[in-house]
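Inspection log for the structure reproduced underneath, given as structure tokens.
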Amino acid sequence: MMEKKNILTADFLDLLFEGRNKDYGAYALRKTYHRRILYAMAGTTFICLLLVAGSIWAHAKKKGNTVLVVGPTVVLENFKKEDPKPEELKPLPKTEPPKLATIQYVVPKIVKDDQVTPEDEVKEVDALADTKIGTMNQDGAKDDNIVAPVVEKTGTGKVAEPKVDDEDYNKVFTIVQIAASFKGGEEAWHRYLQRALNSDIPGSNGAPAGPYKVLVSFIVDKDGHISDVKAENDPGYGTKEEAIRVIRKGPDWVPAQQNGRNVIYRHRQAITFLVDAN
């Protein structure tokens, strides 16, 4: 029996097992219960910390092995229509007017016939009909004394039709005056690709170290919708499928323009997955 003076200071277990066999096991288990609980909680916490640290370290190492490089947008130079060069005007050949036949003017004099020289002879009126009178006698073309009337150009009464723009605006353009663009500009487009693309694709598929470049083309219609996304090459290891997936699910673009009209435009984009060596 426990003495009365020890009852107030005794442990609950000692009171509970007073007069019983404490070596049976139940007493020892209950006596060390709190210590075992503390050991178990400490061990569980330590193991969880090890698992979290290992996961973070493995994820950081995996991220470090693959780098995503978004290549420059492949856009053909803007189309610029050149103005036609004016035709060079060639100078007209110089031509001299034809030499006309002239008869020297003679002042009439009354003299004897044997004193008249050929130069002083007054010509008959019929001889002056197609010959000009001048200061000397000269052979040449006959003067018909006919002045050709001025030819006036008259209109036909028809108004010329305005020039019709024969450009086909329903075809797919590859060269335009204003190319299609991502809303927010080139920097926003690169941010979208960096955020949406899974850069670990080639590494997780066993790709060796090196670059894997995918050239993707797609249609931007008159309303800016994306369609007909396709890869023009396939480096393998899931890179082609990943590039097509991200561009296909992307937002609408600003449509291309030609002569002030929205047109259908095929855009080309290079995306490079770079796997680093460990």
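Here is how the numbers come out for the structure above:
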| item | result |
| --- | --- |
| Solvent-accessible surface ranking, highest first, for 237, 212 at 1.4 angstrom | 237, 212 |
| Shape call, segment 196-253: gyration tensor on alpha carbons, a/c limit 1.5 | prolate |
| Three semi-axes of the equivalent ellipsoid, segment 167-278, Cα gyration tensor, whole Å, largest first | 30, 13, 11 |
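The values are calculated or read from the model by the stated rules, or taken from the named source; none is laboratory data. In this text, all values refer to a predicted model and were calculated from it rather than measured experimentally. Just the protein is used for accessible areas: all its heavy atoms, side chains included, with ligands, DNA and RNA removed. Shrake-Rupley method; radii C 1.70, N 1.55, O 1.52, S 1.80 Å.
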